[in-house]
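Presented below is the structure to which this report refers.
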């Protein structure tokens, strides 16, 4: 069964228009989900909103949104007032600008979608936009009303299609300066940097998401299966904490020099216990 589009509209560049659909590219629907139950009866539990003062349940028609302006002081917003704030949508994804792919700051990326032509008559226009972006190595910035909010999307060529990622607004992204200000400024040089580069080179690989393992999800699946089969559940051992060791030793061991370093240390210790040997005489020239 073909997936259902989350949104349908038009991708527009100037006078060029192409009917498109947005499809969720990443989903958590396949994760193991749990329900809260009554331990005594085994029945599912349901949440309900209760008044914080009298503890009584509040009917749906009496529930309204409120903005806190002070302690226990709120401005009430009626449903029709909130609905009036939703921007009008003409179902058009307008490309405002093209930017170089290397200018994209990934920290602003929010959620990815696949963007496909929603009409076979649009295939040629779609391919023209995709191939033009590939040739110029650019991504497109576009805006539209998506899920009741005005959103900016970054559109990029991907395989034979296009991927559109919603972008976080600037006010939603914390400044890196706030976080990195306390990181001391230092420059690593010499053997330490050479060892680090060597380790990175030996660990080179390719991006292969199929190799990523969700160990928590796998453990939950094993737990559920064991419970269904009535098997005894064995407690997992807690992982050992890493020992604090010298940074250079750690780099050498990571680079494959751990045994060599260890052997040289033993030799040095052994030599210090033995009496010094006489220095060999030089042969007469």
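Readers should treat all values here as calculations from the given coordinates under stated rules, not as data from a laboratory. Remember, predicted model here, so these are calculated numbers, not experimental data. Cβ atoms come from the backbone with ideal geometry, glycine included; neighbour counts cover every protein chain shown.
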Item to complete: Could you pull out which residues in the stretch 205-219 have an amide N less than 17 Å from a spot 7 Å beyond the Cα of residue 237, following the Cα-Cβ vector?
Response: none
Item to complete: Determine the gain in length on full extension of the stretch residue 222-residue 158; use 0.36 nm per residue of separation and subtract their C-alpha separation, reporting nm with one decimal.
Response: 19.5 nm
Worksheet entry | Max mean-square fluctuation residue, GNM over the chain, Cα-Cα springs under 10 Å, options 100, 226, 211 | 211
Item to complete: Just grab the label-to-label distance for residue 101 and residue 168, each label 7 Å out from Cα along the Cβ direction, in nm (one decimal).
Response: 2.4
Response to the item:
For the chain, the longest principal axis of the Cα atoms and the Cα long axis of helix 190-202 enclose an angle in degrees, to the nearest 10, of 60
Worksheet item: Using a simple spin-label model with points 7 Å from Cα along the Cα→Cβ vector, what separation in nm is obtained for residue 127 and residue 94?
Response: 3.0
Worksheet item: Quick one: if you stick a label point 7 Å off each Cα along the C-beta vector at residue 110 and residue 213, how many nm between them?
Response: 3.5
Practice prompt. Rounded to the nearest 10 degrees, what's the angle between the helix 215-229 long axis and the longest principal axis of the chain, both from Cα atoms, 0 to 90?
Written response: 80
Worksheet item: Any idea what angle helix 123-136 forms with the longest principal axis of the chain, computed on alpha-carbon atoms, 0 to 90 degrees, nearest 10?
Response: 40
Worksheet entry | Over the stretch 39-179, relative contact order from alpha-carbon pairs under 8 Å, at least 6 apart, % | 22
